[in-house]
Amino acid sequence: MMIFSLWQFCLLSLLLSYGVIELQASHHVYSNLQTTQLTSTHPQAKDPYRTGYHFQPRKNWINDPNGPLIYKGIYHLFYQYNPSSVVWGNIVWAHSTSTDLVNWIPHEAAIYPSILSDINGCWSGSVTILPGGKPAILYTGINPDKEQVQNLAFPKNLSDPFLREWVKVPQNPLMAPTQANQINASSFRDPTTAWLGPDKRWRLIIGSKRNQRGLAILYRSKDFMHWTKAKHPLYSTPKNGMWECPDFFPVSKTKLLGLDTSAIGPDVKHVLKVSLDNTRKEYYTIGTYNVSKDIYIPDDGSIESDSGLRYDYGKFYASKTFFDSAKNRRILWGWINESSSVSGDIKKGWSGLQAIPRTIVLDKSGKQLVQWPVVELEKLRTKEVKLPSTLLKGGSLHEVIGVTAAQADVDVAFEISDLKKAEVTDPSWTNAQLLCSKKGTSVKGALGPFGLLAFVSKDLKEKTAIFYRIFKSHNNNNKYVVLMCSDQSRSSLNPDNDMTTYGAFVNVDPLYEKLSLRSLIDHSIVESFGGKGKACITARVYPTLAVDGDTHLYAFNYGSESVKIAGSAWSMKTAKIN
């Protein structure tokens with residue numbers, strides 16, 4: 001268990017408040033790891049930042065989603081959890097189930113330290129559905145020598161749709177670093193869902209590094225018990241460090257449906273996602289899986305760096321997908337950590353939550369993925385407020401009246417009739433986040449900023465802006481660049497919070513398409529989907545004035561040229577979670 005002395009706590013809070021350090025999941029090994037079971041005490045009453053429809057336990061620390069799956073019609077979410085504190089440590093596999101991905105029932109921890117190969121920690125992993133429908137958990141354990149090894153567990157009772165008890169196999173660990181296999185014992189974690197090849201052998205990858213080369217180490221097995229390391233990784237890249245929480249899965253080139261993890265064929269592309277421990281950002285590439293050679297080849301221009309593709313350009317890490325066989329869709333989960341200080345987390349009594357689960361498909365261009373909140377979320381919508389087509393003149397604000405602004409779902413689209421006055425891009429504008437920081441909400445342009453203001457206080461001193469800007473390409477007068485921003489710089493009067501601005505370029509053409517924007521607003525989080533899910537940005541905000549009933553919602557246009565807006569907004573009912 002992690003314990004702070006008073007002076008350590010004060011120092012840590014000070015460093016966090018000035019942005020010197022940021023609280024993240026650590027991979028330090030604690031020899032005195034506790035195996036306390038999940039408790040059911042209630043959170044602090046009237047917590048203005050606790051979400052109404054995002055998944056989060058009743059208290060304490062949460063991070064990576066582990067091995068989500070569907071079994072006998074029940075959705076399962078396992079996740080990294082500290083049952084003892086609001087900071088990382090004492091990690092177990094917490095477990096909740098649902099019939100609709102919206103309302104959740106908690107269970108006892110599924111996996112917790114109990115054997116030599118996980119006695120110092122039960123870290124991330126995945127679930128694979130074996131032939132016959134039997135689930136199997138593969139996870140990283142920390143052994144007495146502080147080495148990262150891979151363990152296997154099966155359900156104790158397959159007739160139990162809630163899978164409440166799991167049994168670790170006596171052969172554990174099944175995969176371990178040795179001098180012969182040249183694996184870094186401190187960088188060997190997070191096994192993926194396994195896939196079955198045409199040769200009837202199972203395959204999976206494990207995140208690792210050699211020096212600063214990120215590795216997706218490939219293992220094969222005939223029986224899911226005895227695993228052999230391949231002579232080569234599935235894929236690797238120099239100079240980006242440890243690859244955490246890798247994910248490898250197929251996507252259809254022809255249908256807007258998900259595919260089983262073992263699917264291959266001419267109409268299939270593959271996605272490799274890695275979470276970079278060095279930067280705490282995730283990147284994915286789209287490419288081809290060469291089955292005969294067991295290697296992954298990214299498409300040209302598909303890279304794992306700041307100019308690469310990301311699921312989410314804000315707070316989003318350690319994500320994991322699974323195939324929902326009941327509805328033929330692939331669903332993405334992601335961990336959203338805090339932007340508040342440690343002292344703020346301690347006061348709240350909790351830290352971290354999960355993003356709304358998202359469906360994920362290949363865009364028709366074949367060059368990126370498209371995400372959208374699962375349709376089940378819409379059952380929480382109530383009190384629809386229609387926003388008829390309205391002209392937002394330059395410098396105007398339009399308050400959205402009639403919705404619960406602190407807990408809402410807003411889906412709008414913007415239309416620009418005249419793009420002639422768009423500002424021309426500068427060749428140096430390659431980093432969307434830096435550009436959004438430079439051209440924030442207060443910087444007036446021709447076409448933008450226009451969008452939504454969430455968590456707005458009555459006097460406008462606090463506000464979180466999600467907006468677009470449109471530029472004309474310096475390379476082509478007939479091509480336009482669309483920038484999407486989430487500006488938290490004025491989200492709170494509390495200086496202890498991280499108020500970073502995020503940004504993404506959105507691959508839409510405003511000549512022929514409206515600019516859609518959907519924002520899920522939930523007390524301390526704004527999840528925004530731009531361009532019908534082509535770009536997503538998640539932000540955590542902790543206003544001091546704009547809380548609960550004192551929160552307002554606006555559509556705005558601070559650009560000089562007029563734009564049209566139309567859409568709807570809904571108040572959101574509170575989900576039943578834990």
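What is the number of the single condition among (1) buried (at least 17 other Cβ atoms within 10 Å of the Cβ); (2) within 18 Å of residue 515 (Cα to Cα) that residue 400 does not meet?
Here residue 400 clears every test but (2).
I need the full set of residues from the range 290-328 which are assigned to a strand (DSSP E or B), under 15 Å from residue 270 (Cα atoms) and out of contact with any Phe, Trp or Tyr (no Cβ under 6 Å at 6 or more places or on another chain), in order please.
Of everything in the range 290-328, those that are assigned to a strand (DSSP E or B), under 15 Å from residue 270 (Cα atoms) and out of contact with any Phe, Trp or Tyr (no Cβ under 6 Å at 6 or more places or on another chain) turn out to be 290, 295, 297, 298, 322, 323.
Out of 152, 138, 163, report the one residue that is open to solvent by less than 20 Å² (accessible area, probe 1.4 Å), farther than 16 Å from residue 90 by Cα, in a loop (DSSP other than H, G, I, E, B) and touching a residue at least 40 places away in the same chain (Cβ under 8 Å).
Residue meeting the stated conditions: 163.
Mind counting the residues in the range 247-276 that are among the polar types (S, T, N, Q) and surrounded by 22 or more Cβ atoms within 10 Å (Cβ to Cβ)?
2
For the range 232-285, give me every one of the strands (runs of 3 or more DSSP E) that falls completely inside it and has 3 or more residues that are closer than 21 Å to residue 315 by Cα.
The qualifying strands (runs of 3 or more DSSP E) are 243-252, 268-276.
Give me the residue from the range 73-101 that is touching a Gly at 6+ places or on another chain (Cβ under 7 Å) and hydrophobic (A, V, I, L, M, F, W, C) and, out of that set, nearest to residue 165 (Cα to Cα).
Among those residues, the one meeting the criterion is 78.
Going through 341, 305 one at a time, which residue ends up being of a type in the set (S, T, N, Q), on the phi < 0 side of the Ramachandran plot and more than 20 Å from the chain's Cα centre (by Cα)?
The match here is 341.
For the range 277-289, which positions are open to solvent by 10 Å² or more (accessible area, probe 1.4 Å) and within 19 Å of the chain's Cα centre (by Cα)?
Scanning the range 277-289 gives 277, 278, 279, 280, 281.
Report, by residue number, each residue of the range 197-208 that is open to solvent by 50 Å² or more (accessible area, probe 1.4 Å) and touching a residue at least 24 places away in the same chain (Cβ under 8 Å).
Residue satisfying the conditions is 198 alone.
How many residues, within the range 563-577, are crowded, with 18+ Cβ neighbours inside 10 Å and in a loop (DSSP other than H, G, I, E, B)?
1
Could you count how many residues in the range 410-432 are open to solvent by 50 Å² or more (accessible area, probe 1.4 Å), touching a strand residue (DSSP E or B) at 6+ places or on another chain (Cβ under 6 Å) and more than 14 Å from residue 474 (Cα to Cα)?
Residues meeting the conditions: 1.
Against the conditions (1) in contact with a helix residue (DSSP H, G or I) (Cβ under 9 Å, 6 or more places away or on another chain); (2) assigned to a strand (DSSP E or B); (3) charged (D, E, K, R), where does residue 108 fall short? Just the number, please.
The failed condition is (1).
In the range 89-119, what residues are open to solvent by 10 Å² or more (accessible area, probe 1.4 Å) and either at pLDDT below 95 or β-branched (Val, Ile, Thr) (or both)?
Residues satisfying the conditions are 99, 105, 115, 119.
Report yes if some residue within the range 211-219 is assigned to a loop (DSSP other than H, G, I, E, B), touching a residue at least 12 places away in the same chain (Cβ under 8 Å) and either surrounded by 21 or more Cβ atoms within 10 Å (Cβ to Cβ) or not charged (D, E, K, R) (or both); otherwise report no.
Within the range 211-219, one or more residues are assigned to a loop (DSSP other than H, G, I, E, B), touching a residue at least 12 places away in the same chain (Cβ under 8 Å) and either surrounded by 21 or more Cβ atoms within 10 Å (Cβ to Cβ) or not charged (D, E, K, R) (or both).
Looking only at the range 451-464, filter to residues that are over 14 Å from residue 528 (Cβ atoms) and within 26 Å of the chain's Cα centre (by Cα); which one of those is most open to solvent (accessible area, probe 1.4 Å)?
Residue satisfying both the conditions and the ranking: 463.
What is the number of the single condition among (1) among the basic types (Lys, Arg); (2) buried (at least 17 other Cβ atoms within 10 Å of the Cβ); (3) at pLDDT below 95 that residue 358 does not meet?
Single failed check for residue 358: (3).
So residue 30 clears everything in (1) at pLDDT 95 or above; (2) surrounded by fewer than 21 Cβ atoms within 10 Å (Cβ to Cβ) except one condition, right? Which one?
It fails just one condition, (1).
For the range 361-390, which positions are buried (at least 16 other Cβ atoms within 10 Å of the Cβ), under 27 Å from residue 505 (Cα atoms) and not polar (S, T, N, Q)?
Passing the criteria: 361, 362, 363, 369, 370, 372, 373, 374, 377, 387.
The values are calculated or read from the model by the stated rules, or taken from the named source; none is laboratory data. Just so we're clear, the structure is a prediction, and the values are computed from it rather than from any experiment. When we count neighbours, we look across all protein chains shown, and the Cβ atoms used for this are built from the backbone with ideal geometry, even at glycine. With ligands, DNA and RNA removed, areas are computed over all heavy atoms of the protein, side chains included. Shrake-Rupley method; radii C 1.70, N 1.55, O 1.52, S 1.80 Å.
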